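Comments concern the structure below.
The values are calculated or read from the model by the stated rules, or taken from the named source; none is laboratory data. Since the structure is predicted, the reported quantities are computational estimates derived from the model, not experimental observations. A quick note on method: Cβ atoms are made from the backbone with ideal geometry, for glycine too, and the neighbour counts reach across all protein chains shown. Areas reflect the complete protein model, heavy atoms only, side chains present, ligands, DNA and RNA absent. Shrake-Rupley method; radii C 1.70, N 1.55, O 1.52, S 1.80 Å.
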Amino acid sequence: DAGVIQSPRHEVTEMGQEVTLRCKPISGHDYLFWYRQTMMRGLELLIYFNNNVPIDDSGMPEDRFSAKMPNASFSTLKIQPSEPRDSAVYFCASSLRTGGGYTFGSGTRLTVV
Amino acid sequence: DAKTTQPNSMESNEEEPVHLPCNHSTISGTDYIHWYRQLPSQGPEYVIHGLTSNVNNRMASLAIAEDRKSSTLILHRATLRDAAVYYCILRDPYNQGGKLIFGQGTELSVKP
């Protein structure tokens, strides 16, 4: 298994532009999580899905952020419009069952200038 | 969310055992104790988890106190590649989807 795959690895964009981050979870995993990591705030849970359905989006910072999971093998996190304070590393993770361990992707490093 | 308390940093010498402590005095009966680590410039990596009994795997051992209010992650022989931030997290699979809430973790440095 190739693990959790995120793309792109790095993204540099200008303030006000739309940014879309992508994630392919491990096949068969039924939970998918999006995290954001910054030096100031550490790892923050943004949203998670169970069987493609968003369960808890209380960590999404504001309406500029949205996430979708159209099928079991693909999820997107979109920021529109982007702002410099959105600069961070965004991680996607998936889990087979609620009691087991998560597998994280390598992350997308987003820089908004 | 139940909280955990870990030292901010620890040092170890290469090829010596490392004991990383974690306190979780408000743990509930359905909370599993999870450990993850994050190497520099990488995503977090699952290490081990347990509920009540001590657990061993190829990466580490997890020792859980009898009252479950504390636990210790044991790396039997530290290598330079074990230098990372180690996170101790409580996960309740029956509540809130078993989501993981990360704290600040313990930054482990390993000296040759």
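In table form, for the structure just shown:
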quantity	calculated
With at most 11 neighbouring Cβ atoms within 10 Å, loop trypsin sites (Lys or Arg not before Pro) (DSSP) excluded, longest segment of chain B	B:1-57
Convex hull of the protein assembly as shown built on C-alpha atoms - directionally averaged projected area, nm²	12.2 nm²
Cα-based reach from B:Lys3 at 18 Å (exclusive), listing lysines while leaving out same-chain residues under 8 positions away	B:Lys69, B:Lys99
The stretch B:1-89: GluC sites (Glu not before Pro) in DSSP loop, at most 10 other beta carbons within 10 Å	B:Glu66
For chain A: relative contact order, % (alpha-carbon pairs under 8 angstrom, 6 or more apart)	37 percent
Amide hydrogen neighbours beyond the local backbone of A:Ile47, cut-off 5 Å, H modeled	A:Trp34
Calculated from backbone phi, Karplus (6.51, -1.76, 1.60) coupling profile of the stretch A:51-58 in Hz, x at Gly/Pro	6, 6, 9, x, 9, 9, 10, 5
Ranking by accessible area, most exposed first, for A:Tyr31, B:Tyr46 with a 1.4 Å probe	B:Tyr46, A:Tyr31
Sequence-distant residues sharing a close amide H with B:Gln42 (under 5 Å, placed H)	none
The stretch A:1-72: trypsin sites (Lys or Arg not before Pro) falling in loop per DSSP and having at most 12 other Cβ within 10 Å	A:Arg9, A:Arg41
Relative contact order (%) - chain B, alpha-carbon pairs under 8 angstrom, separation at least six	36 percent
Sequence-distant lysines (8 or more away, or on other chains) whose Cα lies within less than 16 Å of A:Lys68	A:Lys24, A:Lys78
Table column - 3J(HN,Hα) (Hz), the stretch B:56-65, Karplus curve with 6.51, -1.76, 1.60, x for Gly and Pro	10, 9, 5, 8, 6, 10, 10, 9, 10, 4
Cβ-placed point charges (K, R +1; D, E -1), dipole of chain B about Cα centre in debye, nearest 20	200 debye
Per-residue HN-Hα couplings for the stretch A:67-82 [Karplus 6.51, -1.76, 1.60; θ = phi - 60°; Hz; x = Gly/Pro]	9, 9, 9, x, 7, 5, 10, 7, 9, 10, 10, 10, 10, 8, x, 7
Relative intensity, log₁₀ I(q)/I(0), of the stretch A:39-112 from a Debye sum that treats every alpha carbon as a point, q = 0.11 Å⁻¹	-0.29
Gyration tensor (alpha-carbon) shape descriptor, the stretch B:38-106, a/c threshold 1.5	oblate
